[in-house]
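Peer 1: The structure follows.
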Amino acid sequence: MAKKENKKNIEKELSAKKESMWLTLEKKEIDKAMKFAEEYKKFLKEVKTERETVEYFLNIATKKGFKDIKSYKNLKPGDKFYIVNRNKSMAMGVVGKDSSRFDLVVSHIDAPRIDIKPNPLWEDQDASLAMLKTHYYGGIKKYQWASRPLAIHGVVYTKSGKKIEIKIGESPDDPVFVIPDLLPHLARKAQGDRKLFDGIRGEELQLLVGNIPINDEEVKEKVKTQVLKYLNEKYGMVEEDFNSADLEIVPAHEPRDVGFDRGLIGAYGHDDRICAYTSFQAILDVKNPKYTAISFFYDKEEIGSDGNVGAQSNFLEYVLEKVYSMINPNYTHTEFLDVLYNSRAISADVSAAINPIYKSVHDIQNAAKAGYGIVISKYTGHGGKYGSSEATAEFMHEILSLFQKKNVPYQIAELGKVDEGGGGTIAKFFARYGLDVVDMGPGVISMHSPYEVISKMDLWSSYLAYKVFLSQ
Ligand code: MN
Ligand code: MN
């Protein structure tokens, strides 16, 4: 008897078995998580582009006492600030008592989608339909975007310089748009011989936007002209205004609970707005941190983080040096470099949760399960760890100890099998500054599809993790 008990204890002591948060969390905590999920769904319903995310965050941040950094002369502990970069990326922070390091959570607010080309509109007279040409953005499986209701979001400037904000397809009275697929009856040759990823090709992603011809004998392109007439009457825009516009095509559906038990949320754009939302809520809740805590929200991650609003721009350096100089006006650059080297960051991006239909792509022992908490990845990248920034054993230990101490549920995983594929995050762009950075975010099922799925527990765990990290 004693022998058996002893054996059991050894296993308990030595093995790292994890359990579903649905079983380990107290009822009170689960209730909080479910309430949080409702607010998250409202956010995802409202926000489908990077611009809309910035606007949403700013709106709430200003009500919660965050001020444009320009309105401060100097910064002192407790001050709350934000900096916006071209309406497409931003940083929000709370100044700490000790300026020897920064604690950062960095996420991205763009999501894979389809953009409208600069000369998009045309009419197919054989079909008597008006179409918009598109150029997809980020890593999508193109066939997933056909035959589903789509909305157009974005910004158009008219010749006179008037800014028009467009959002069509979200209200129940709005029309929607669709990329028409081919009927199976006639698809045997045109599509049947293609490989899956090629089922619908880039130039075939065209949006159906009109059918009613204008009643005017003089006009040649009658359906297209009718569409232009509508756009002119409704928005004051002309065809040329497409040239400069930011117009994004996104799924028109709303976030919904998934499953009989409502444990999951299906929505467009969990990657990476789930990390943006949770780190935004976390920075709102940070009170008097020891170190200055900042949440960064970037655009352009899905296309390589290039450009002046992406994570490869110097926005991080710009924000941190500005903040540091406003805390310590007599600082030296060498001193600032030391602070960068001493800083800590979470690269807050999603991981893949096991999809039971395609388990073969994972090494299950090192794969993330829905509902088991935020997924911490020591490294990302692809076969042979290429393209990854790996967190050191020292930093991993520091983070895991922190989460254990503060009761943050987490799991440790890799994206997939070693030679299966892979993916990078923005961690490596911050590692350039010498700071310590580690990847973590919730697991997603059907990532990059128009309807990604996450567990409400992983949403909650991500919020807890970011808050604990930013509140050090
Ligand atoms: Mn991502
Ligand atoms: Mn992504």
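Peer 1: Can you tell me which condition residue 226 does not meet? The list is (1) touching an Asp or Glu at 6+ places or on another chain (Cβ under 6 Å); (2) in the same structural domain as residue 123 (by TED's automatic domain parsing); (3) not aliphatic (A, V, I, L, M), and all the others hold.
Peer 2: Here residue 226 clears every test but (1).
Peer 1: Which one is farthest from ligand 2 (Cβ to nearest atom), of the residues in segment 400-458 that are closer than 21 Å to residue 144 by Cβ, more than 15 Å from the chain's Cα centre (by Cα) and free of Cβ contacts under 8 Å to residues at least 60 places away in the same chain?
Peer 2: Step by step, filter segment 400-458, then rank; the result is 420.
Peer 1: Which one of these does residue 391 not meet: (1) away from ligand 1 (no atom under 16 Å from the Cβ); (2) in contact with a strand residue (DSSP E or B) (Cβ under 8 Å, 6 or more places away or on another chain); (3) not in a loop (DSSP other than H, G, I, E, B)?
Peer 2: (3)
Peer 1: Pairs, please: C-beta under 7 Å, at least 6 apart or cross-chain, first residue surrounded by 12 or more Cβ atoms within 10 Å (Cβ to Cβ) and in segment 32-46, second modelled with pLDDT of 95 or more and of a type in the set (Phe, Trp, Tyr)?
Peer 2: 33/460; 36/460; 36/463; 40/277; 43/56; 43/277; 46/56
Peer 1: Right, next: Taking only pairs six or more apart or across chains, which ones have beta-carbon atoms under 9 Å, a first residue in segment 130-155 that is assigned by TED's automatic domain parsing to the domain that holds residue 239 and at positive phi, and a second residue that is of a type in the set (S, T, N, Q) and within 16 Å of ligand 1 (Cβ to nearest atom)?
Peer 2: The qualifying pairs are 154/49.
Peer 1: Give all pairs with beta carbons closer than 6 Å in which a residue from segment 156-168 that is assigned by TED's automatic domain parsing to the domain that holds residue 234 and farther than 25 Å from residue 254 by Cβ meets a residue that is buried (at least 16 other Cβ atoms within 10 Å of the Cβ) and of a type outside the set (Lys, Arg); count only pairs at least 6 apart in sequence or on separate chains.
Peer 2: 158/237; 158/241
Peer 1: Scanning segment 175-198 for residues that are within 26 Å of the chain's Cα centre (by Cα) and within 29 Å of residue 243 (Cα to Cα), which turns out surrounded by the most Cβ atoms within 10 Å (Cβ to Cβ)?
Peer 2: Our first condition is that a residue be within 26 Å of the chain's Cα centre (by Cα); within segment 175-198, this holds for 176-179, 196-198.
Still in the running and within 29 Å of residue 243 (Cα to Cα): 176-179, 198.
Working: 176: 16, 177: 20, 178: 15, 179: 22, 198: 13.
Taking the candidates together, the pick is 179.
Peer 1: If I filter segment 384-400 for residues that are touching a helix residue (DSSP H, G or I) at 6+ places or on another chain (Cβ under 8 Å) and either surrounded by fewer than 20 Cβ atoms within 10 Å (Cβ to Cβ) or among the β-branched types (Val, Ile, Thr) (or both), do I get at least one hit?
Peer 2: yes
Peer 1: Determine which member of the set 285, 261 is of a type in the set (Asp, Glu), more than 20 Å from residue 350 (Cα to Cα), away from ligand 2 (no atom under 16 Å from the Cβ) and in contact with a helix residue (DSSP H, G or I) (Cβ under 8 Å, 6 or more places away or on another chain).
Peer 2: Numbers: 261 fails: in contact with a helix residue (DSSP H, G or I) (Cβ under 8 Å, 6 or more places away or on another chain).
It is 285.
Peer 1: Okay, next question. Would you mind finding the one in 331, 324 that is part of a helix (DSSP H, G or I), away from ligand 2 (no atom under 16 Å from the Cβ) and either over 30 Å from residue 63 (Cβ atoms) or over 20 Å from the mean Cα position of the chain (by Cα) (or both)? Lay out the reasoning, then the answer.
Peer 2: Numbers: 331 fails: part of a helix (DSSP H, G or I).
Residue meeting the stated conditions: 324.
Peer 1: Let me ask you something else. If I ask for residues that are of a type outside the set (Gly, Ala, Ser) and within 16 Å of ligand 2 (Cβ to nearest atom), which ones from segment 334-354 would you list? Lay out the reasoning, then the answer.
Peer 2: Applying the first criterion (of a type outside the set (Gly, Ala, Ser)) to segment 334-354 yields 334-342, 344, 346, 349-350, 354.
Hits for segment 334-354 are 349, 350.
Peer 1: Only one of (1) among the acidic types (Asp, Glu); (2) in contact (Cβ under 8 Å) with a residue 40 or more places away in the chain; (3) within 16 Å of ligand 1 (Cβ to nearest atom) is not met by residue 363, so which one is it?
Peer 2: The number of the failed condition is (3).
Peer 1: Another question, then. Considering only segment 291-319, state which residues are within 15 Å of ligand 1 (Cβ to nearest atom) and either part of a strand (DSSP E or B) or aromatic (Phe, Trp, Tyr) (or both).
Peer 2: Residues satisfying the conditions are 296, 297, 298.
Peer 1: Determine which single condition residue 94 fails, assuming it passes every other condition in (1) crowded, with 22+ Cβ neighbours inside 10 Å; (2) without any contact (Cβ under 8 Å) to a residue 24 or more places away in the chain.
Peer 2: (2)
Peer 1: Using the structure shown, decide if residue 209 is closer than 30 Å to residue 121 by Cα and away from ligand 2 (no atom under 16 Å from the Cβ).
Peer 2: Details: closer than 30 Å to residue 121 by Cα: yes; away from ligand 2 (no atom under 16 Å from the Cβ): yes.
Yes; evaluated as a whole, the condition is true for this residue.
Peer 1: Show me the helices (runs of 4 or more DSSP H) found entirely inside segment 1-120 where at least 3 residues are at pLDDT 95 or above.
Peer 2: Values: elements: 2-14, 21-24, 27-46, 50-63.
The helices (runs of 4 or more DSSP H) meeting that bar are 21-24, 27-46, 50-63.
The values are calculated or read from the model by the stated rules, or taken from the named source; none is laboratory data. All values reported here derive from a predicted model rather than from experimental measurement. All Cβ positions, glycine included, derive from the backbone under ideal geometry; neighbour counts span all protein chains shown.
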